[in-house]
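Enquirer: Have a look at the structure that comes next, please.
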Amino acid sequence: MGMHLPEALVATTLRDWSSATAEAVALEEFELAAQLAQVVLRRLPRHLATYQRLIEITWQLKHWDEGEDWGRRLLQADPANAYAWRSLARAAEQRDQRQQAHALYRRAFEAHPYDPHVRAGMSRTDLDAARNPELNLAALGALYIKGQRWAHAATTYRTLVQAEPRRSDFQALLALTLWQSRAPKEAYRLARHLSHSHPNLLPAWVVLNALGNEQDRALARNPLESMDPDGEYMAAHYGLPRTEQAVRLGVSAREAQLLEEFVHAAGFAEDSVEVIQPHSSPDDPEDADTLAPVPDAVPDAVPDAGPDATSAPCARFTGYPACTLTNSATPCPIWAISGHTH
């Protein structure tokens, strides 16, 4: 009997896949974007920038229940993500949970007060539909961050933490803004506390890695390499510098062909790829360690944010077999990305 040799892998970079997936979303090639995202999550099942793109895909396709699941996962790592809250709100709205949806839209509004979908959702779910959303202190803090007015943002989030000390989003943003406003000792203490109390919280690990000692950096390595290895997520959401060092992904020849064909068809420059040594892969989707969905009582959120996602019908893409989460052994397309079968 001949020995089975593992397939040689093709060296690509994470930025190649991220750029291609983002371009596919921009071109409204949503099925292709989901396929590209699947390749990334097979290697990096906790990659937050890919979670964000899947939230955008499900939003555009109006697959509200599926978007809710990805939103819950993303909120484990960044409870200040407006798009995740928006997805939860839209799913609640579809279930006719108007009051609940309005509260969730408000959380999205506090993170991104000028997002048109959030403002429209708040108006639809407000008892006074003609009332315009008013900026509160949390929304003002978010605007300070977007403008990189770090000292103003730190003062704002310090006030918010004092008023609502259980809000992990306020604590994480306080640590981040203290670091950026050159208050390293306080930022370090808070980030260290958060890394223990909320071990999936990405901003806390970013601050700890920047300010901590060798042991702190060793502890931060795995969360950072699994959730945001090249800094794309933190750069996009908080304006932090993105590393120039390429993160390599070894993919199959078939997967590399998918990328090459899209890059060629889309007409943007492609980097050369090279064959690297085959290895036994831990990347089987069935073993993927994705972030678990936030439970119904989303941390620091309005209680009862919706039913367990596993009880809801699964959204589906054209060309895939119909399925629901409760009665099929066939993975749905995006659920298949994270290795779930149902």
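Enquirer: Applying a 10 Å radius around every beta-carbon, put 157-164, 84-91, 106-113 in order of their mean neighbour count, most first.
Expert: Descending mean neighbour count gives 84-91, 106-113, 157-164.
Enquirer: Could you put Asp65, Asp115 in order, starting from the residue whose Cβ has the fewest other Cβ atoms within 10 Å?
Expert: Sorted ascending by nearby Cβ count, the order is Asp115, Asp65.
Enquirer: Now a separate question. As a test of the definition: which semi-axes, in Å, follow for segment 122-272 when you take the square root of five times each eigenvalue of its alpha carbon gyration tensor? Largest first, please.
Expert: For segment 122-272, the semi-axes come out at 33, 25, 14 Å.
Enquirer: Find the centroid of the Cα atoms in segment 145-208 and in segment 32-72, then give the distance between the two in whole Å.
Expert: Distance between centres, Cα-based: 27 Å.
Enquirer: Would you pull out the residues with amide H under 5 Å of Thr13's amide H, same chain only if 5 or more places away, H placed 1.01 Å from N?
Expert: Leu249
Enquirer: With the cut-off at 16 Å, report for segment 21-74 the share of all Cα pairs above it, as a whole percent. Mind showing how you got there, number by number?
Expert: Details: 478 of 1431 pairs.
It works out to 33 percent of all Cα pairs.
Enquirer: Return the inverse of the average 1/r over all pairs of distinct C-alpha atoms in segment 5-50, which is the Kirkwood hydrodynamic radius, in Å to one decimal.
Expert: Details: mean 1/r = 0.0892 Å⁻¹.
Computed over Cα pairs of segment 5-50, the Kirkwood hydrodynamic radius comes out at 11.2 Å.
Enquirer: If you stretched the chain out fully between Ala265 and Gln215, how much longer would it get, using 0.36 nm times the residue separation minus the C-alpha to C-alpha distance?
Expert: Fully extending the segment from Ala265 to Gln215 adds 13.4 nm.
Enquirer: How many percent of Cα pairs in segment 100-209 exceed 16 Å?
Expert: 59 percent
Enquirer: Let me ask something additional. Only four residue types carry charge here, +1 at the Cβ of Lys and Arg and -1 at the Cβ of Asp and Glu. Report the dipole size of segment 147-279 about the Cα centre in Debye, rounded to the nearest 20.
Expert: Once rounded to the nearest 20, the dipole reads 1020 debye.
Enquirer: Right, something else. Using a Debye calculation, one point per C-alpha and no hydration shell, please list log10 I(q)/I(0) for segment 159-218 at q = 0.22, 0.23, 0.28 Å⁻¹ in order.
Expert: Ignoring solvent entirely, the Cα scatterers give -0.77, -0.84, -1.18.
Enquirer: Normalise the Cα radius of gyration of segment 34-169 by 2.2 N^0.38 Å (N = residues in it) and let me know the number.
Expert: Scaled against compact globular proteins, the figure is 1.10.
Enquirer: Oh, and also: Sort 258-267, 71-80 by the packing proxy (mean of other Cβ within 10 Å over each peptide's residues), most packed first.
Expert: Working: 258-267: 15.2, 71-80: 26.4.
Peptide ranking by packing, descending: 71-80, 258-267.
Enquirer: How high is the FRET efficiency from Thr155 to Tyr114, r the C-beta distance, R0 22 Å, rounded to 0.05?
Expert: For Thr155 and Tyr114, the calculated efficiency is 0.55.
Every number here is computed from the coordinates shown, using simple stated rules; none is lab data. Remember, predicted model here, so these are calculated numbers, not experimental data. Backbone-built Cβ (ideal geometry, glycine too); neighbour counts: all protein chains shown.
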